[in-house]
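This report concerns only the one structure given below.
The values are calculated or read from the model by the stated rules, or taken from the named source; none is laboratory data. The structure presented is a predicted model; accordingly, all values stated were derived computationally and were not measured. Please note: Cβ atoms are built from the backbone with ideal geometry, for glycine as well, and neighbour counts cover all protein chains shown.
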Amino acid sequence: MALVEIRDVYKKFGHVEVLKGVSLDVAEGEIVTIIGRSGSGKSTLLRCINALETIEGGEIRVEGRQIHAKMPDLRQFRQRVGIVFQAFNLFPHLNVERNVTLAPLLTGGIGKAEARALAEDVLTRVGLADKIDAWPEQLSGGQQQRVAIARCLAMKPHLMLFDEVTSALDPELVGEVLKVMEAMARQGMTMILVTHEMGFARNVANRIVFMHQGRVWEEGPPAELFAHPKTPELKSFIASVK
Amino acid sequence: MRSFAFVDLVSLVTAVQWTVLLVVLALVFGAPLGLALATARISRHAPLRWAASGIIQLIQGVPLLGLLFFFYFGMPVFLGLQVPALIAVTVAYTLYTAGFLGDIWRGSLQAVKQAQWEAGACLGLSLTQQFFHIIGPQALRMATPPTVGFLVQLIKGTSLASIVGFVELARAGQVTSAATFQPLLTYSVVAAIYFALCLPLTLWSRSLEARLNGAR
Amino acid sequence: MNFQPLWRYQDQLIEGVLITLALTLVAAIVGLVIGVAGAVALRGNFRPARMLVRSYIELFRNTPSLIQIFLIFFVLPSFGLKLPAFESAAVALSLYFGAYSVEIVRAGLDSIPKSQIEAGQCLGLTGWQVFRHIVLPPAMRNVYPAFTSQFVLLLLGTSLASQVAAGELFHVASFIESRTYRSFEVYAAICVIYFALVMAFKALFAVIDATAFRWPRRQ
């Protein structure tokens, strides 16, 4: 059984159909990269997996359980799924330690001392142990995004979603974030990413999903997909991002 | 004792002209003074800035009622002669208006980015030209909603002139209320007239602000 | 000019200041509670509640505070509800301050981007936890300046309660005036006292600002 099962999902914003019957399976430990032009529905699909958007048709199952915004244990579910956003969304009024430990303290029943140790642990994993007492505003974009990843790691998630996490960064800061994500991939984390970083998609992902006009247009292992695109849409997309 | 009649309504509505007169006088004298305070507040000369800031803090730091009484009883002390209530009241409202508008306009002037002054200087404009051609127009756009908002505060504030005996809308209300023994009706009518004067301005200010936020 | 005769009225002046402070704090606290309730109603889905709050705001913001005090003091008795002067003024000023507070509180809540709330939800926090830990602190900072300047206007506005003889500072002034006939000196001194109160509160607000909101501002 796949960890994430997406079956024939439909989603509309007003009259605009963003997802038109998307199906996709992601196995435990797999790293799936979703690529496609803006407006192809990739970010929306990611947000649906975490029930940030409600779907109009089809179903999404994670660990065999159907996901929707009104499920009774939505909060427990979300604690097992980490999501990192394009705009970091750190909490400006909390320092790095409090950003990382707020949710474990409020939901996990851990104490202050454990929280500090937890923060040190996850911040070390993203290479920012020395920034534990800094304010988000004092950090570069790349550092803020790594704190955002650490904030998810503190929840010990089974699944990580990345929504264009390097798109808002200056080019010289992209590498440090990708390096952290590569390390997570090596440790066997199940990851679904929406990204424009084709190098990362090619080198780290097990599978590439090309979305076009709200549908999964083409999918397959990176080497094959990039070398022999079957559809003209993917061909022109690959040409445009080279 | 007599009951509230049509003639009372007429006398209340007539009293509005005195309210309007106070507002116009306060703006005619207070707005230029406010502009002077605002520009002094952003001047390069520190003593000028401190003086303007002190005056604004002082005006905003005492009750309007206090200002009114201070000048109502103070004018004879300062000038050594009795002056009509209208003059004393006008002086108080002028300073009140200058203090608040000076602060509002200072904020608008400072909200224009420093780079805009520099851009003007790079074009070889004088400081005055920079102010009137580059900074002023941009500040004016930002200043309009809060200025209209202050206008509402000023109109409501003119009701205090009644307390030093100046007969405007609120005072006419007190007189009518005392004559008719119908405070509920009288004060409701008075409130309704103020409401009719202020609401359009409030709505206008809000739509201006919404447009400004939309444009940003 | 002779301020000498005023010294004898020290006790009355101090009492007046205390009543002014009491009136200000009561109206500020009650008004803030109204502000929170009103802002919640405005953001809610219940249309009649929204319309009620909107009319309340427009009614109290577009009529003079003085007339509101008169209406409550002179008119409520005809409905069999006779309130003493201080209580009448407190009710009127609370309602007046409340009308401004609703807008302030709402602006504060609106100033927090939806993405912050989503980030909290994605961490599995409850609605209340998101509000308490993620929305409230930055929202309070964003509207702190608006709140403090409205508070100063309220403090000065309590002087209107003198018109129903509520016993606050300005009422004490008119009492001293009637005893000494030193009109100018009395009102000059009263202005100085109000100014000192305002400055003291501004200093207090600055201290609170520096201690409560320590995180750096967004660039």
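Scanning the stretch B:142-200 for residues that are of a type in the set (Val, Ile, Thr) and within 27 Å of B:Ala88 (Cα to Cα) gives B:Thr147, B:Val148, B:Val152, B:Ile155, B:Thr158, B:Ile163, B:Val164, B:Val167, B:Val175, B:Thr176, B:Val190, B:Ile193. Any residue that is of a type in the set (Ser, Thr, Tyr), at the interface with another protein chain (Cβ under 9 Å from one of its Cβ atoms) and either surrounded by fewer than 16 Cβ atoms within 10 Å (Cβ to Cβ) or under 19 Å from the mean Cα position of the chain (by Cα) (or both) - is there at least one of those in the stretch B:119-137? Within the stretch B:119-137, none of the residues are of a type in the set (Ser, Thr, Tyr), at the interface with another protein chain (Cβ under 9 Å from one of its Cβ atoms) and either surrounded by fewer than 16 Cβ atoms within 10 Å (Cβ to Cβ) or under 19 Å from the mean Cα position of the chain (by Cα) (or both). With the requirement that a residue be within 16 Å of C:Leu21 (Cβ to Cβ) and in contact (Cβ under 8 Å) with a residue 40 or more places away in the chain, what does the stretch C:174-193 give you? Selection gives C:Ile193 alone. Restricting attention to the stretch B:157-171, and to residues there that are modelled with pLDDT under 80 and surrounded by 19 or more Cβ atoms within 10 Å (Cβ to Cβ), which single residue is nearest to the other protein chains (Cβ to nearest Cβ)? Ranking the qualifying residues of the stretch B:157-171, first place goes to B:Ala170.
Residues checked against (1) without any contact (Cβ under 8 Å) to a residue 24 or more places away in the chain; (2) surrounded by fewer than 19 Cβ atoms within 10 Å (Cβ to Cβ); (3) closer than 27 Å to B:Gly157 by Cβ:
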{"residue": "C:Gly38", "(1), (2), (3)": "no, no, yes"}
{"residue": "C:Arg43", "(1), (2), (3)": "no, yes, no"}
{"residue": "C:Pro48", "(1), (2), (3)": "yes, yes, no"}
{"residue": "C:Val53", "(1), (2), (3)": "no, no, yes"}
{"residue": "C:Ser65", "(1), (2), (3)": "no, no, yes"}
{"residue": "C:Pro77", "(1), (2), (3)": "yes, yes, no"}
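Checked against (1) at pLDDT 95 or above; (2) within 17 Å of the chain's Cα centre (by Cα); (3) more than 10 Å from every other protein chain (Cβ to nearest Cβ), C:Leu153 passes all but condition (3).
Considering only the stretch B:172-208, state which residues are free of Cβ contacts under 8 Å to residues at least 40 places away in the same chain, within 10 Å of another protein chain (Cβ to nearest Cβ) and of a type in the set (A, V, I, L, M, F, W, C). Correct list: B:Leu184, B:Ala191, B:Ala192, B:Phe195, B:Ala196, B:Leu199, B:Leu203. Selection of the stretch B:33-67 for residues being free of Cβ contacts under 8 Å to residues at least 24 places away in the same chain and surrounded by fewer than 17 Cβ atoms within 10 Å (Cβ to Cβ) yields B:Ser43, B:Arg44, B:His45, B:Ala46, B:Pro47, B:Leu48, B:Arg49, B:Trp50, B:Ala51, B:Ser53, B:Gly54, B:Gln57.
Would you confirm whether or not the stretch A:80-93 contains a residue that is within 30 Å of A:Ala129 (Cβ to Cβ), without any contact (Cβ under 8 Å) to a residue 60 or more places away in the chain and within 18 Å of the chain's Cα centre (by Cα)?
Looking through the stretch A:80-93, at least one residue is within 30 Å of A:Ala129 (Cβ to Cβ), without any contact (Cβ under 8 Å) to a residue 60 or more places away in the chain and within 18 Å of the chain's Cα centre (by Cα).
For the stretch B:57-71, the criterion of a residue being within 14 Å of another protein chain (Cβ to nearest Cβ), in contact with an Asp or Glu (Cβ under 8 Å, 6 or more places away or on another chain) and modelled with pLDDT of 95 or more is satisfied by at least one position. Checking each residue in the stretch A:81-94 for being surrounded by fewer than 21 Cβ atoms within 10 Å (Cβ to Cβ) and more than 7 Å from chain C (Cβ to nearest Cβ) picks out A:Gln86, A:Leu94. Does the stretch C:112-122 hold any residues that are assigned to a helix (DSSP H, G or I), at the interface with chain A (Cβ under 9 Å from one of its Cβ atoms) and either touching a Cys at 6+ places or on another chain (Cβ under 6 Å) or not hydrophobic (A, V, I, L, M, F, W, C) (or both), and which are they? Of everything in the stretch C:112-122, those that are assigned to a helix (DSSP H, G or I), at the interface with chain A (Cβ under 9 Å from one of its Cβ atoms) and either touching a Cys at 6+ places or on another chain (Cβ under 6 Å) or not hydrophobic (A, V, I, L, M, F, W, C) (or both) turn out to be C:Ser115, C:Gln116, C:Glu118, C:Gly120, C:Gln121. If I filter the stretch C:150-157 for residues that are of a type in the set (Gly, Ala, Ser) and either touching a Leu at 6+ places or on another chain (Cβ under 6 Å) or not in a helix (DSSP H, G or I) (or both), do I get at least one hit? Within the stretch C:150-157, none of the residues are of a type in the set (Gly, Ala, Ser) and either touching a Leu at 6+ places or on another chain (Cβ under 6 Å) or not in a helix (DSSP H, G or I) (or both). Within the stretch C:195-214, the set of residues being surrounded by 17 or more Cβ atoms within 10 Å (Cβ to Cβ) and free of Cβ contacts under 8 Å to residues at least 40 places away in the same chain comprises just one member, C:Phe195.
Please determine whether any residue of the stretch C:123-140 is within 11 Å of another protein chain (Cβ to nearest Cβ) and within 30 Å of B:Leu64 (Cβ to Cβ).
Yes: the stretch C:123-140 contains one or more residues that are within 11 Å of another protein chain (Cβ to nearest Cβ) and within 30 Å of B:Leu64 (Cβ to Cβ).
Take B:Ala26 and decide whether it is over 24 Å from B:Gly173 (Cα atoms), of a type in the set (A, V, I, L, M) and more than 13 Å from chain C (Cβ to nearest Cβ).
no
Do we have any residue at all in the stretch C:208-215 that's among the charged types (D, E, K, R), farther than 25 Å from C:Asn2 by Cα and in contact with a Pro (Cβ under 8 Å, 6 or more places away or on another chain)? Checked the stretch C:208-215: no residue is among the charged types (D, E, K, R), farther than 25 Å from C:Asn2 by Cα and in contact with a Pro (Cβ under 8 Å, 6 or more places away or on another chain). Being over 21 Å from C:Phe131 (Cβ atoms) and in contact with a Pro (Cβ under 9 Å, 6 or more places away or on another chain) is the filter; apply it to the stretch A:97-118 and report the residue that is surrounded by the most Cβ atoms within 10 Å (Cβ to Cβ). Residue satisfying both the conditions and the ranking: A:Leu118. Sort through B:Ile135, B:Ile104 and tell me the only one that's part of a helix (DSSP H, G or I) and at pLDDT below 90. Selected residue: B:Ile135, the only one of B:Ile135, B:Ile104 that is part of a helix (DSSP H, G or I) and at pLDDT below 90. The lone criterion from (1) at pLDDT 95 or above; (2) among the hydroxyl-bearing types (Ser, Thr, Tyr); (3) in contact with a Gly (Cβ under 7 Å, 6 or more places away or on another chain) left unmet by C:Tyr187 is number (1). From (1) over 15 Å from the mean Cα position of the chain (by Cα); (2) surrounded by 21 or more Cβ atoms within 10 Å (Cβ to Cβ); (3) over 20 Å from B:Ser188 (Cα atoms), pick out the condition that doesn't hold for C:Phe73. C:Phe73 satisfies all of (1) over 15 Å from the mean Cα position of the chain (by Cα); (2) surrounded by 21 or more Cβ atoms within 10 Å (Cβ to Cβ); (3) over 20 Å from B:Ser188 (Cα atoms) except (3).
Would you confirm whether any residue within the stretch C:85-108 is within 14 Å of chain A (Cβ to nearest Cβ) and surrounded by 18 or more Cβ atoms within 10 Å (Cβ to Cβ)?
Yes, that holds for at least one residue.
I want to confirm something. Restricting to the stretch C:194-219 and keeping residues that are in a helix (DSSP H, G or I) and facing another protein chain (nearest Cβ under 9 Å), which single residue is farthest from B:Phe78 (Cα to Cα)? The qualifying residue farthest from B:Phe78 (Cα to Cα) is C:Lys202.
All conditions in (1) surrounded by fewer than 22 Cβ atoms within 10 Å (Cβ to Cβ); (2) modelled with pLDDT of 95 or more hold for A:Arg75, with the sole exception of (2).
When we screen A:Gln86, A:Gln66, A:Gln145 for residues that are under 23 Å from A:Arg186 (Cβ atoms) and either out of contact with any helix residue (DSSP H, G or I) (no Cβ under 9 Å at 6 or more places or on another chain) or among the polar types (S, T, N, Q) (or both), the only hit is A:Gln145. Residue count for the stretch C:164-193 under the criterion of being assigned to a helix (DSSP H, G or I) and of a type in the set (Gly, Ala, Ser): the result is 6.
When the residues of the stretch C:1-38 are filtered to those that are within 14 Å of chain B (Cβ to nearest Cβ) and in contact with a Phe, Trp or Tyr (Cβ under 9 Å, 6 or more places away or on another chain), the one that is farthest from C:Phe151 (Cα to Cα) is C:Met1.
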